[in-house]
Amino acid sequence: MNEKLAKAIDDRVDELIALTIDLIRFPTVNPPGEAYTPCAEYIGERLRKRGFGLEFIRGEGAPGDSDRYPRTNVVARLDGRTPGPTVHFNSHIDVVEAGDGWTVDPFAGVVQDGKVFGRGACDMKGGLAASIIAAEAFMAVYPDFSGAIEISGTADEESGGFGGVAHLARLGYFSKPRVDHVIIPEPLNKDRICLGHRGVWWAEIETKGEIAHGSMPFLGDCAIRHMGALLHAFEHELFPALDRKQTKMPVVPEGARRSTMNINSIHGGQTEDFRPGLPSPNVPDWCRIIIDRRFLLEEDITEVKGEVTAILEQLKRERPKFDYQIRDLMEVLPLMTERSAPVAAAVAQGVRNVFGKEPDYVISPGTYDQKHIARLGHLHDCIAYGPGILDLAHRPDEWVGISDMVESAKVMAIGLDVLLRGGRG
């Protein structure tokens with residue numbers, strides 16, 4: 001253990017708690033993208049006072065970006081005394097809606113039983129706070145370090161990251177020579193290093209029909225019944241086939257070591273604009289679903305899409321009047337950083353020093369912003385490491401453990417020391 005770094009972080013525990021609480025109190029709910037700007041400005045002002053230079057970059061043109069809900073990102077950079085590599089800590093500032101079932105105010109940042117409760121506490125404002133404290137402690141202990149430290153707070157990870165990391169990656173913020181190593185403090189447990197994620201394909205499928213009076217449905221064609229046939233085929237043909245596909249990737253939890261598909265939403269016929277009245281009696285001439293297909297390193301994206309289109313084409317041949325459209329929404333290939341990559345090796349050293357054990361190496365069941373850093377920034381020395389238990393993300397009474405944040409901050413600070421100073425202590 002680097003005792004100087006450990007002590008510097010122990011001395012900042014109260015700061016770490018207060019910072020986490022402050023971040024939770026910004027209700028950065030996405031969608032629609034509330035409070036991004038004040039949250040980014042708060043992060044920036046804290047880091048400016050510690051000597052960081054700041055840039056605020058709006059994700060203009062990204063899905064959801066508007067003057068009412070600007071996709072505001074902050075990137076802070078501090079250059080060391082001499083040239084060297086750059087280590088970048090990237091955290092998303094957006095959170096999902098609170099939902100029902102809370103026993104505390106989801107945006108109050110309640111401290112209780114050694115935990116900080118609140119929406120985003122685990123995913124991932126606790127990780128953001130831990131990375132800031134780690135960087136500040138490292139800078140205090142080793143002010144003459146070489147290289148540079150960057151910290152970013154970015155938008156929209158929960159909805160794909162297009163207004164955040166994807167936008168910044170297109171502008172060169174996650175590419176060499178600007179950045180060499182990236183750590184994303186997602187909540188994958190304090191003694192685990194996440195090397196990557198499964199692949200994802202989102203698509204919208206629409207079945208078509210013909211409108212008619214609801215009392216004479218035989219004169220029309222019900223698009224919802226056609227969708228029912230598709231869902232039946234998925235249930236009896238596709239889902240069993242996906243269950244049989246297994247991966248050698250160390251995906252957590254165990255159930256995600258196979259292919260999966262979720263039906264995200266279904267809409268058909270009339271909207272609910274009639275409420276609180278009654279709908280008109282119509283045969284629905286459209287029905288749409290969004291599918292969320294997660295696939296494995298062993299699978300090819302062409303085959304993944306082909307499994308769905310094959311079912312659609314079979315229905316078109318066999319079911320009278322069946323017609324459809326399919327539209328790609330997003331596709332990201334699976335990725336896995338090597339355990340021997342510099343950033344993974346540096347954080348692994350931190351885990352050994354803090355916990356006295358080898359880290360577990362895992363793959364995330366869902367994608368996170370590493371996908372954009374790899375595919376757009378072409379930077380592959382990137383991992384996810386941070387405090388928090390993944391299973392708590394997006395749930396009522398979400399929390400992050402204070403001791404977990406402290407220990408994770410120590411791991412991150414040691415990782416910084418290894419990458420920027422060679423871990424000389």
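Points worth noting:
- Of the residues making up the range 159-180, those that are open to solvent by 10 Å² or more (accessible area, probe 1.4 Å), at pLDDT 95 or above and assigned to a helix (DSSP H, G or I) are His167, Arg170.
- Identification of strands (runs of 3 or more DSSP E) wholly contained in the range 39-136 with 1 or more residues that are modelled with pLDDT of 95 or more, open to solvent by 10 Å² or more (accessible area, probe 1.4 Å) and of a type in the set (S, T, N, Q) yields 72-79, 82-92, 110-112.
- Considering only residues in the range 272-286 that are assigned to a loop (DSSP other than H, G, I, E, B), within 22 Å of Lys208 (Cα to Cα) and not hydrophobic (A, V, I, L, M, F, W, C), the one that is least open to solvent (accessible area, probe 1.4 Å) turns out to be Pro284.
- Candidates Ala348, Ala413: the one that is closer than 30 Å to Lys115 by Cβ, assigned to a helix (DSSP H, G or I), touching a Phe, Trp or Tyr at 6+ places or on another chain (Cβ under 8 Å) and in contact (Cβ under 8 Å) with a residue 24 or more places away in the chain is Ala413.
- Flag: Ala384 does not match the condition of being small (Gly, Ala, Ser), in contact with a Gly (Cβ under 8 Å, 6 or more places away or on another chain) and either open to solvent by less than 10 Å² (accessible area, probe 1.4 Å) or on the phi > 0 side of the Ramachandran plot (or both).
Table: residues versus (1) of a type outside the set (S, T, N, Q); (2) closer than 30 Å to Ile193 by Cβ.
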site	(1), (2)
Glu237	yes, no
Ala241	yes, no
Thr247	no, yes
Val251	yes, yes
Met261	yes, yes
Ile266	yes, no
Gly269	yes, no
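- Taking the numbered list (1) exposed (fewer than 15 other Cβ atoms within 10 Å of the Cβ); (2) part of a helix (DSSP H, G or I); (3) under 28 Å from the mean Cα position of the chain (by Cα); (4) not hydrophobic (A, V, I, L, M, F, W, C) in turn, Glu307 passes all entries but (1).
The values are calculated or read from the model by the stated rules, or taken from the named source; none is laboratory data. In this text the structure is predicted, and so the values were computed from the model without any measurement. Counting neighbours? That spans all protein chains shown, and the Cβs are built from the backbone with ideal geometry, glycine included. The area values use the complete protein model at the heavy-atom level, side chains included, leaving out ligands, DNA and RNA. Shrake-Rupley method; radii C 1.70, N 1.55, O 1.52, S 1.80 Å.
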